[in-house]
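*Asks:* So that we are looking at the same thing, I have put the structure below in structure tokens.
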Amino acid sequence: MVDLLGTSIYPPHFLQRLHAFVSKALSGNAVHVTTIGGSVTAGLCGHGDGRSWPDYLFDYLEELFPGQVSSTNGAVPGSLSSYMAACVNVHVPLVTDLVLVEYSVNDMQKTHPLFMNEYRRAFERLLRKLLEYPNSPAVVLVHSYDWNGAPRGHFWSNLEREYVEFATFYDLPSLSLKAATFRQMVAGEAGYSVTPRSDDPDGLAGESFFADKIHPDTLTGARALGELAMHLVLKAKWEAEAAAAGREPAPRPGGSLGLGEGGGDAEQGAVVDRVLLPPPMIDGNHAAPNDRCFVGVPFQAAVRWHEGFEWENDSKTKTKKWGYIGTKPGSTLAFTFSSMASSRPVALVANMLGDGSDGPVVKVSGTTLKGKWNSKRTVEKEGEEEGDGVSTDGDEVLVQIVHLKSYEGMGSATVRCASGCTCKPSFVEGHQPTVGNSQLYLHDMYVTQAEACIVELVVNKAGEAGVATKVKVSGLIVCEEAGEQESAAKNAHHIDKTNDNAMRGGGVADVRGSKANKARATAAVRDLL
């Protein structure tokens, strides 16, 4: 369907890792492909037709390399890359050889300070984590496009322009849906209509590019995204085959910034052995070397002890809702994790200028400070002599406990730091009488930095809300940055589904869920070769 595939790939020469991926497959070895992103990648894109762009890609790869390809769709509807940066260990298997990343539509628009903000820092840490996975996977940025985004019908409405900077810095190929299809949308060509299919599901089938005001439709837009990814892999395959036949020079391992070393492993058919990442593009923005997200199997592994709490599914629907449940006062649940920060946002933001102009307003240890840029490019508090820069060394780290809130049957618990770290005691409240549903929420607390921080939760006696004492804890997320943070969201409704999928998938959450869903995708029409 897409007749401008070549224009959607940029930069065109950043394919070293992709050459390694196809070379490995051409050598007869098994390969694993993972996709991550929001609802566009998760598959909220149709009216009963059911196929997402990853489905199209996975089917194509299975045809291209029969019996060699396994896949994971680790996308989470409604999520930001900041969630995936923390929880990549739950959604991307360690065996991944190719990962496609789609967040240009979901991520928050924030232009000040440019790049030196929590959303872009998290996106870069996600990329660095993926690039350092054991198999040195090829990382591809996939840019979806929302015609109805603000401003409507304008070419620049997504974050593609900012994410191209990361792609250029880390030598990552990018796929641009708007580069391939925008002119056709403007012209109103068949299959590219910007009128959402939801306006007339049957009459607009195959005509509308979008299923609704956000998501590409399964028959058109999703297929176009899938075809862009297929074309990229096929391009790398042709180049690898040409190099093997001596028709073209062999792809150079690594990139301009040294993203690969060595000549590869002949047995594995690899072009890139291991990566040597450059320093972060955003100063000081290092990714944590250990897991920061504990959901499903990782959360069970993080539990140090539990008395009166048991890992249970208390769902009354087909979707299993796992978590540690305690119902008696005094029941205890303790979990251990590293609270060491890897990124220093205050010093990082202060590294931009040294001209004495107004600096950022930052929060350090709960105190709001208005800074100035000094000649040493650190932030100083107003009224202090130059050189006394604010540092985040030793600052506390945000920890978020995933717990259930409901309008009935819930109690509360006291949370404290038991060993290794310190924190102020806080209370997890599970009773919310004013909201008529049951949903997971994030309880924020701050702990001091420690290699092994143990936090203990104790169920309280019944209070004024009634006699209920049930407490349910389903996970834990630890921030990588020191200092006070603004939580991306207070509820964590997607964690239940992630828990369910991770329990079914041996610790890795695949949005396709059951084997039946995967079989449905695999058995779909294969007309794209």
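Yes/no matrix, rows are residues, columns are (1) open to solvent by less than 20 Å² (accessible area, probe 1.4 Å); (2) part of a strand (DSSP E or B):
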site: V415; (1), (2): yes, yes
site: A418; (1), (2): no, yes
site: C421; (1), (2): yes, no
site: F427; (1), (2): no, yes
site: L440; (1), (2): yes, yes
site: D444; (1), (2): no, yes
site: Q449; (1), (2): no, no
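*Asks:* Taking the range 123-142 as the region of interest, how many residues are outside any helix (DSSP H, G or I) and among the aliphatic types (A, V, I, L, M)?
*Replies:* Filtering the range 123-142 for residues outside any helix (DSSP H, G or I) gives 132-142.
In the following step, the residues that additionally are among the aliphatic types (A, V, I, L, M) were identified as 138-142.
Qualifying residue count for the region: 5.
*Asks:* It is to be established whether one or more residues within the range 485-506 are modelled with pLDDT of 85 or more, crowded, with 22+ Cβ neighbours inside 10 Å and not small (G, A, S). Give the steps one after another, and end with the answer.
*Replies:* Of the range 485-506, the ones modelled with pLDDT of 85 or more are none.
Looking for residues that are modelled with pLDDT of 85 or more, crowded, with 22+ Cβ neighbours inside 10 Å and not small (G, A, S), one finds none in the range 485-506, hence no.
*Asks:* Name the pairs: first residue in the range 64-76 and farther than 14 Å from W53 by Cβ, second residue crowded, with 19+ Cβ neighbours inside 10 Å and aromatic (F, W, Y), Cβ to Cβ under 7 Å, at least 6 apart or on different chains?
*Replies:* V76/Y83
*Asks:* I'm checking my understanding of the structure. Among residues of the range 416-445 that are among the β-branched types (V, I, T) and more than 28 Å from the chain's Cα centre (by Cα), which one is nearest to A334 (Cα to Cα)? Steps first, answer last, please.
*Replies:* Let us first name the residues in the range 416-445 that are among the β-branched types (V, I, T), namely 422, 428, 434-435.
Subset that is more than 28 Å from the chain's Cα centre (by Cα): 422, 434-435.
Working: T422: 14, T434: 30, V435: 29 Å.
That would be T422.
*Asks:* Here's another thing I want to ask about it. Of everything in the range 77-100 that's over 8 Å from the mean Cα position of the chain (by Cα) and of a type in the set (V, I, T), which residue is nearest to L18 (Cα to Cα)?
*Replies:* Filtering the range 77-100 for residues that are over 8 Å from the mean Cα position of the chain (by Cα) and of a type in the set (V, I, T), the one nearest to L18 (Cα to Cα) comes out as V99.
*Asks:* Could I ask something else about it? Could you please find all residues in the range 80-102 being out of contact with any helix residue (DSSP H, G or I) (no Cβ under 9 Å at 6 or more places or on another chain) and in contact (Cβ under 8 Å) with a residue 60 or more places away in the chain? Give the derivation first.
*Replies:* Looking only at the range 80-102, we keep the residues that are out of contact with any helix residue (DSSP H, G or I) (no Cβ under 9 Å at 6 or more places or on another chain), and these are 93-95.
P93, V95 - these are the residues of the range 80-102 that are out of contact with any helix residue (DSSP H, G or I) (no Cβ under 9 Å at 6 or more places or on another chain) and in contact (Cβ under 8 Å) with a residue 60 or more places away in the chain.
*Asks:* Need the failing condition index for F65 against (1) open to solvent by less than 10 Å² (accessible area, probe 1.4 Å); (2) touching a His at 6+ places or on another chain (Cβ under 7 Å), just the number.
*Replies:* (2)
*Asks:* Another question, then. Tell me yes or no: at least one residue of the range 80-103 is touching a Pro at 6+ places or on another chain (Cβ under 6 Å), assigned to a loop (DSSP other than H, G, I, E, B) and closer than 20 Å to G226 by Cα.
*Replies:* Yes.
*Asks:* Restricting to the range 25-71, and then to whatever is within 20 Å of the chain's Cα centre (by Cα) and assigned to a loop (DSSP other than H, G, I, E, B), can you tell me which residue is modelled with the lowest pLDDT?
*Replies:* Across the range 25-71, the extreme among qualifying residues is C45.
*Asks:* Could you look through the range 82-108, keep only residues that are touching a Leu at 6+ places or on another chain (Cβ under 7 Å) and at pLDDT below 90, and pick out the one that is farthest from I36 (Cα to Cα)?
*Replies:* M108
*Asks:* So, one more: Name the residue, out of V95, V99, that is surrounded by fewer than 21 Cβ atoms within 10 Å (Cβ to Cβ), hydrophobic (A, V, I, L, M, F, W, C) and within 22 Å of C293 (Cα to Cα). Steps first, please.
*Replies:* Values: V99 fails: surrounded by fewer than 21 Cβ atoms within 10 Å (Cβ to Cβ).
The conditions single out V95.
*Asks:* Of the residues that make up the range 458-475, is at least one farther than 18 Å from G330 by Cα and open to solvent by less than 60 Å² (accessible area, probe 1.4 Å)?
*Replies:* yes
*Asks:* Take the residues of the range 304-341 that are within 21 Å of K497 (Cβ to Cβ) and assigned to a strand (DSSP E or B): which is most open to solvent (accessible area, probe 1.4 Å)?
*Replies:* Kept after step one, since they are within 21 Å of K497 (Cβ to Cβ), are these residues of the range 304-341: 311-325.
Still in the running and assigned to a strand (DSSP E or B): 311-313, 322-325.
Working: W311: 44, E312: 78, N313: 58, W322: 52, G323: 0, Y324: 14, I325: 13 Å².
Per the stated criteria, the residue is E312.
*Asks:* Give the residue that is nearest to the chain's Cα centre (by Cα), with candidates limited to residues of the range 110-135 that are closer than 25 Å to P54 by Cα and surrounded by fewer than 17 Cβ atoms within 10 Å (Cβ to Cβ).
*Replies:* E132
*Asks:* When the residues of the range 278-315 are filtered to those that are of a type in the set (F, W, Y) and in contact (Cβ under 8 Å) with a residue 40 or more places away in the chain, which remaining residue is farthest from F166 (Cα to Cα)? Before the answer, list the steps.
*Replies:* Filtering the range 278-315 for residues of a type in the set (F, W, Y) gives 294, 299, 305, 309, 311.
With in contact (Cβ under 8 Å) with a residue 40 or more places away in the chain added as a condition, the list becomes 294, 299, 309.
Details: F294: 27, F299: 31, F309: 44 Å.
Ranking the candidates gives F309 first.
*Asks:* Looking at the range 202-228, I want the residues that are on the phi > 0 side of the Ramachandran plot and open to solvent by 10 Å² or more (accessible area, probe 1.4 Å) and have a partner that is of a type outside the set (A, V, I, L, M, F, W, C) and assigned to a loop (DSSP other than H, G, I, E, B) with Cβ atoms under 7 Å, at least 6 apart or on another chain. Which pairs are those?
*Replies:* G206/G191; G206/T220
The values are calculated or read from the model by the stated rules, or taken from the named source; none is laboratory data. All values derive from a computational prediction rather than experimental measurement. Using ideal geometry, Cβ is built from the backbone for each residue, glycine included, and neighbour counts are taken over all protein chains shown. To get the accessible areas, we keep the full protein, side chains included, count just its heavy atoms, and leave off ligands, DNA and RNA. Shrake-Rupley method; radii C 1.70, N 1.55, O 1.52, S 1.80 Å.
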